[in-house]
Amino acid sequence: MYPTLIAMTLLTMTALSAIVGRVLPRIVPLPLIQIAAGMIASLLGFHLPLSSELFLLLLIPPLLFMDAYSIPLREFGELRTIILSLAIGLVVFSTIGGGYAAHWIMPAITPAAGMALAGALSPTDAVSVGSILATSQAPARIVQILTGEALLNDASGLVCFRVAVAAATTGLFSLKAASSNFVYVAVGGLIVGITLGWLFAQIELRFIRRGYDDAPSHILMSLMMPYLIYLAAEEIECSGILAAVAGGITIRISGVMSETRIETRLRASMTWEEVGFTLNGLVFVVLGLQLPQQIGEAVDIVKSEGLSPWLLLLTILGLQAALCVLRAVWITANATILHFIGRFTHRAQAMPSWRGVLVLTLAGTRGAVTLAAIVSLPPEHEFPGRTVLVVLATGVIVVSLLMATFLLPSVLRLLPQQEGETPAQHELNETRIALTRSAIAALQAEQARRPPNAARGNDAVTLLMAEYTDRLRRLDTTAADPDGSRMASVKNKREEIALRLRILRLQRRVLNSLLNDNSINDVTERTIGRQLDFQEQELLMEAADLPRPGTAAVDLSPPEDVEDEEDDVSLLPPPPPTEKAPVEKEKATGKAASS
């Protein structure tokens with residue numbers, strides 16, 4: 001019963017923190033609210049014993065698998081040099097530099113222990129980076145670099161952490177052993193992820209092409225895949241994190257999802273969105289639950305050494321500042337080197353401005369992998385100062401989140417603002433235009449195949465041709481529009497969508513009234529209600545696709561008179577009379593006979 005209550009409490013805190021996040025201003029990102037919720041629950045007496053292995057296994061693989069599946073592969077390939085430099089070179093640079101910085105700030109921390117701490121802090125967190133950048137208007141290129149870095153630097157950071165821990169506990173360090181260990185862990189994890197991801201995709205494709213496309217089974221298997229890949233890699237002492245990332249990318253490249261039915265894709269998308277939301281929240285709630293107890297233990301240890309507890313806060317701030325400086329130096333040096341190499345190879349590499357470097361520096365937040373690594377340190381009697389290191393790492397996680405929350409939006413406003421549509425919006429619109437033109441070409445070919453004397457005017461081909469031609473007129477902003485027909489078409493389409501939405505919502509109220517009057521049963525209500533939901537979602541997506549520059553948006557919410565006046569139900573024809581249920585018929589017959 002106790003584990004069940006713990007799970008229910010964690011899920012409740014995750015859900016309530018999301019509701020609070022919707023109420024509070026958007027300047028406060030959801031991760032900070034969830035950390036605060038965990039701290040409040042801990043102060044009220046709720047304690048959660050944390051196992052680093054269980055924490056990594058339950059929460060991290062599906063999150064990284066999902067992020068890897070959704071990463072833009074084209075941009076990832078274009079930015080591979082920068083991403084790999086940050087994911088490997090910056091991690092090693094931060095581990096060494098951060099370790100000596102920790103020793104210099106707090107001499108009680110040995111250089112080896114400081115490098116273990118810095119190694120745990122070196123990986124940036126894909127979850128927190130995505131959560132914070134989702135609330136800001138960051139350039140797409142910066143978001144892609146940060147996401148790619150966060151997905152790949154976990155393995156290098158954990159290898160540096162393990163090597164430093166071994167050096168701190170045994171006093172021995174071998175560069176050759178560390179390098180070979182890194183290659184084995186990273187390459188092995190990638191091979192395991194690619195192999196198992198490819199096998200899963202091939203098996204799933206065989207089932208789909210033989211007609212066995214069952215949505216629940218497909219979704220269940222996709223949810224199990226990150227865990228299977230992670231456990232298989234960890235079993236042979238490779239990086240389960242990199243394996244999960246490689247598996248997600250492999251399944252994306254295989255195109256197995258595009259072969260499934262529309263129902264499977266829709267249900268899988270909704271399921272993974274819910275799983276991602278829940279696990280994201282649990283990561284930061286658990287982090288908040290650990291803070292009060294760890295701070296109390298670290299303060300006691302510092303006091304026992306005759307030092308001021310404020311030294312912990314100064315060390316956290318100093319360590320975060322050192323990591324930011326190291327990150328900024330590496331990014332600047334790396335960009336300069338790539339720029340000069342590009343000049344000799346005739347492949348231009350743009351030099352980032354100081355504003356861009358500052359954004360990349362502040363967005364280097366820490367999160368779940370750092371927490372899982374640092375709590376996996378050996379016990380206090382085997383690794384003296386363990387509790388202090390755990391508190392320092394947790395403090396740096398919180399400070400990095402606070403800096404990104406309150407400083408990043410101001411720095412982003414310093415970047416050159418994109419006027420008009422962004423490159424992503426332009427690409428999206430051009431793709432819609434290309435698809436619409438392909439539909440028009442198909443309809444023209446269908447018209448050409450018809451006999452000359454075939455009926456024209458109200459046939460399906462003519463009606464569809466008019467619809468797609470009108471859509472092309474709305475989408476193609478480069479075409480001349482001297483008579484204003486394009487703007488008139490956009491306005492008419494907006495009014496049509498708004499009216500259709502009002503009718504749909506009116507139909508939903510009529511459906512509910514029929515259910516309440518026992519004119520229909522629950523099965524009928526669910527079937528029709530699901531159809532209305534899909535129709536409304538399609539209309540909302542169509543409304544979002546309409547061009548907005550220079551036009552006032554039409555309010556698509558139902559007007560007050562539709563919501564409040566019951567007389568509007570009369571806009572629809574009354575429902576046909578329905579026969580009474582058999583039981584009611586028997587009762588009525590019995591009453592008539594008795595009378």
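The values are calculated or read from the model by the stated rules, or taken from the named source; none is laboratory data. Worth saying up front: this structure is predicted, and the values here are computed from it rather than measured. Neighbour counts run over all protein chains shown; Cβ positions are idealised from the backbone, glycine included. For the accessible areas, the whole protein counts, side chains as well, though only heavy atoms, and no ligand, DNA or RNA atoms are used. Shrake-Rupley method; radii C 1.70, N 1.55, O 1.52, S 1.80 Å.
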* **Percent of Cα-Cα distances greater than 18 Å, calculated over the range 286-403** => 60
* DSSP-loop GluC sites (Glu not before Pro) across the range 372-444, with at most 15 other Cβ within 10 angstrom -> E380, E382, E419, E421
* Structure fact -> Heavy-atom accessible area per residue of the chain, all protein chains kept, 1.4 Å probe, expressed in Å², is 54
* Once the piece of chain linking V28 and L50 is laid out straight, how much longer is it, given 0.36 nm per residue of separation minus the C-alpha distance between them? -> 5.2 nm
* Structure fact -> Expressed in nanometres to one decimal, the distance between label points 7 Å along Cα→Cβ at E297 and A445 is 6.8
* L220 versus S513, label points 7 Å from Cα toward the beta carbon: distance in nm? -> 4.3
* Expressed as a rounded percentage, what relative contact order does the range 22-118 have, with Cα pairs under 8 Å and six or more residues apart? -> 16
* Structure fact -> For the range 165-217, the Kirkwood Rh over every pair of distinct alpha carbons, in Å, works out to 14.5
* Where in the chain are the DSSP H helices whose alpha-carbon span along the long axis reaches 27 Å or more and whose Kyte-Doolittle mean is at least 1.0? -> 2-23, 140-170, 175-209, 310-345, 386-412
* the chain, relative contact order in percent, only Cα pairs under 8 angstrom and at least six apart counted -> 17
* **Loop sites in the range 161-266: trypsin sites (Lys or Arg not before Pro), DSSP, at most 10 other Cβ within 10 Å** => R210
* Carbon and sulfur atoms: what percent of the 1.4 Å accessible area of the chain do they account for? -> 63
* **Largest to smallest principal axis extent of the C-alpha atoms in the range 237-281, angstrom** => 38, 29, 12
* To do: Find out how many positive minus negative residues lie around S122, taking Lys and Arg as positive, Asp and Glu as negative, among other residues whose Cβ is under 14 Å from that of S122.
  => 0
* Sparse-neighbour loop sites [GluC sites (Glu not before Pro); the range 250-313; at most 12 other C-beta within 10 Å; DSSP] -> E305
* Asked: Any idea what the relative contact order of the range 353-430 is, in percent, if you count C-alpha pairs under 8 Å spaced at least 6 apart?
  -> 42
* Structure fact -> CD proxy, 222 nm, the chain: helix-only mean residue ellipticity via -39,500 (n - 2.57) per DSSP H run with n ≥ 4, per residue, nearest 500, stands at -25500 deg cm²/dmol
* Asked: Ordered by packing density, taken as the mean number of other Cβ atoms within 10 Å over each peptide's residues, highest first, how do 479-485, 410-416 rank?
  -> 410-416, 479-485
* Asked: Can you work out the FRET efficiency for the pair F344 and R141, with r the C-beta to C-beta distance and R0 = 30 Å, to the nearest 0.05?
  -> 0.80
* Given N residues in the chain, what is Rg(Cα) / (2.2 N^0.38 Å)? -> 1.19
